[in-house]
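Working notes for the structure below.
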Amino acid sequence: MNIFDYMQKYDYEQLVFCQDENSGLKAIICIHDTTLGPALGGTRMWPYKTEEEAIIDVLRLGRGMTYKNAAAGLNIGGGKAVIIGDPRQHKSEELFRAFGRYIQGLNGRYITAEDVGTTVADMDMIHLETDYVTGVSPAFGSSGNPSPVTAYGVYRGMKASAKLAFGSDSLSGRVVAVQGVGNVAYNLCRHLHEEGAHLIVTDINEENVNRAVNDFGAKAVGVNDIFGVECDIFSPCALGAIINDDTIPLLKAKVIAGAANNQLKEERHGDQIHEMGLIYAPDYVINAGGVINVADELQGYNRERALKKVETIYDTILKVYEIAERDGMPSYKAADRMAEERIASVGKSRNTFLQNGKTVYHR
């Protein structure tokens with residue numbers, strides 16, 4: 001892989017390689033775009049098989065955060081970090097503190113948070129070396145568990161999708177099939193149950209299924225049966241790449257709206273469901289409640305203010321559908337266009353010059 005050619009193709013700003021012999025740290029920080037503000041994105045710890053695999057992953061994830069943050073209307077850019085290592089074996093205070101020093105050295109260009117393989121406790125150790133970290137313990141002024149806030153955003157986006165599909169955003173009486181009933185999806189089910197929706201659920205964890213059945217009167221089905229159930233809304237809240245060649249022919253829902261990341265296995269699957277007339281809420285738009293919540297920490301966390309911002313996911317989803325209709329394209333492409341238009345607009349103003357020749361902003 002020619003790294004500089006790839007970075008130039010997708011306009012990456014910076015790729016930082018970090019190593020610390022004492023702690024065994026091997027990490028990569030990707031800063032994709034800071035047009036809207038400092039790059040915010042989580043740190044993933046994963047036992048990558050090769051260094052190239054780690055580089056490809058951090059580049060993909062960092063660029064994705066640019067789009068997610070821009071679409072959410074946040075004044076922050078996109079970035080991500082990966083630590084090469086097994087989170088079950090290789091964590092230590094020395095490792096995370098060393099990583100925190102590298103973040104501190106970027107002087108605010110990159111702000112981290114937890115991600116796959118990292119926890120609040122890990123963020124606390126990073127916080128010992130830098131203030132450029134979110135998602136730390138509530139004792140440090142953090143927002144705490146983001147799952148309920150993420151779920152609320154998905155719920156709001158689902159209501160907006162229902163408005164387009166059914167002419168009303170009421171979910172009362174609607175049948176919603178929820179694939180995966182983890183922390184986010186459980187809170188989503190609570191909102192749906194309180195509004196009077198009928199729930200069909202599945203999960204590889206039987207305990208999660210039983211909790212939803214007992215608390216919300218949900219109907220349980222097998223993990224491979226959820227795709228073909230009769231329902232109004234299919235809500236993928238587990239693994240990514242779940243909208244694919246095998247599952248699309250089974251779907252009976254009119255709307256796809258869920259919390260899972262990277263729901264489309266390939267872009268062509270987004271084209272396919274668009275041609276079928278299904279309403280698809282782009283994943284990184286509808287599940288942005290979590291990043292909206294941690295971004296609020298940068299101002300001194302205020303839960304009421306954060307939730308008010310999360311509520312606007314309803315309007316953002318409707319805007320995506322308006323762009324899709326305006327430009328005659330699938331909603332996943334419309335979401336990208338919306339993010340790109342915002343970045344381009346702000347970037348244009350940042351790259352202007354004052355009459356006296358002084359540069360205002362210039363990357």
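Using the Kirkwood radius over C-alpha pairs as Rh, can you work out the diffusion coefficient of the range 38-188 via Stokes-Einstein at 20 °C, viscosity 1.002 mPa s, in µm² per second? This corresponds to a translational diffusion coefficient of 124 µm²/s. Fully extending the segment from R88 to I56 would add 9.3 nm, taking 0.36 nm per residue of separation and subtracting the current Cα-Cα distance. Amide H contacts under 5 Å for H198: G173, R174, V175, V176, restricted to partners 5 or more places along the chain or on a different chain, H placed in the peptide plane at 1.01 Å from N.
Using only Cα atoms, tell me the angle between helix 206-216 and the longest principal axis of the chain; keep it within 0 to 90° and round to the nearest 10. Computed tilt is about 60 degrees.
What the Cβ-Cβ distance of K348 and D246 gives, at R0 = 45 Å and to the nearest 0.05, is a FRET efficiency of 0.55. Note that the range 160-165 has calculated 3J(HN,Hα) couplings of 5, 5, 5, 4, 5, 6 Hz, one per residue in order, obtained from phi through the Karplus relation 6.51 cos²θ - 1.76 cosθ + 1.60 (θ = phi - 60°); glycine and proline are x.
Here the 3J(HN,Hα) profile of the range 20-30, calculated from phi with Karplus coefficients 6.51, -1.76 and 1.60 at θ = phi - 60°, is 9, 5, 4, 9, x, 5, 9, 9, 9, 10, 10 Hz, Gly and Pro shown as x. Placing +1 on each Lys and Arg Cβ and -1 on each Asp and Glu Cβ, with no other charges, gives the chain a dipole about its Cα centre of roughly 940 debye.
Within the chain, what's the longest run with no GluC sites (Glu not before Pro) in a DSSP loop and at most 12 other beta-carbon atoms within 10 Å? Give the range, please. The longest uninterrupted stretch comes out as 22-229. Label-to-label distance for D131 and N262 is 3.5 nm, based on points extended 7 Å past Cα in the beta-carbon direction.
Under a 5 Å amide H cut-off, with hydrogens placed 1.01 Å from N, T118 pairs with M45 among residues at least 5 apart or on other chains.
Comparing mean-square fluctuations of Q179, Q104, Q89 from a GNM of the chain with C-alpha springs under 10 Å, the top value falls on Q89. Summing +1 for each Lys or Arg and -1 for each Asp or Glu among the other residues whose beta-carbon sits under 15 angstrom from that of I286 gives +1. When peptides 161-168, 279-286 are ranked by their average number of other Cβ atoms within 10 Å per residue, the highest-first order is 279-286, 161-168.
Across the chain, the relative contact order, built from alpha-carbon pairs under 8 Å that are at least six residues apart, equals 15 percent.
PRE reach from L298 (point 7 Å along Cα→Cβ): which of the range 93-117 fall under 14 Å by backbone N? So the set is 107-113. In this calculation the C-beta distance from A121 to M276 is compared with R0 = 35 Å, giving a FRET efficiency of 0.20. For the chain, the longest principal axis of the alpha carbon atoms and the long axis of helix 51-71 meet at an angle near 70°. Placing pseudo-labels 7 Å out from each Cα toward the beta carbon at F4 and E195 gives an inter-label distance of 5.2 nm. Provide the FRET efficiency to the nearest 0.05 for the N224-A139 pair, computing r from the beta carbons and using R0 = 51 Å. It comes to 0.70.
Under 5 Å from the amide H of A260 lie the amide H atoms of C237, A238, each residue being 5 or more positions distant or on a separate chain, with H modelled from the backbone and absent for Pro and chain starts.
Only helices enter this figure: runs of n ≥ 4 DSSP H residues, each worth -39500 (n - 2.57), summed and divided by the residues of the chain, yield -13500 deg cm²/dmol at 222 nm to the nearest 500.
Every number in this text was worked out from the coordinates using simple rules, so none of it is lab data. Everything numeric in this text was worked out from a predicted model, so none of it was measured. Note that we place each Cβ from the backbone using ideal geometry, even for glycine, and neighbour counts take in every protein chain shown.
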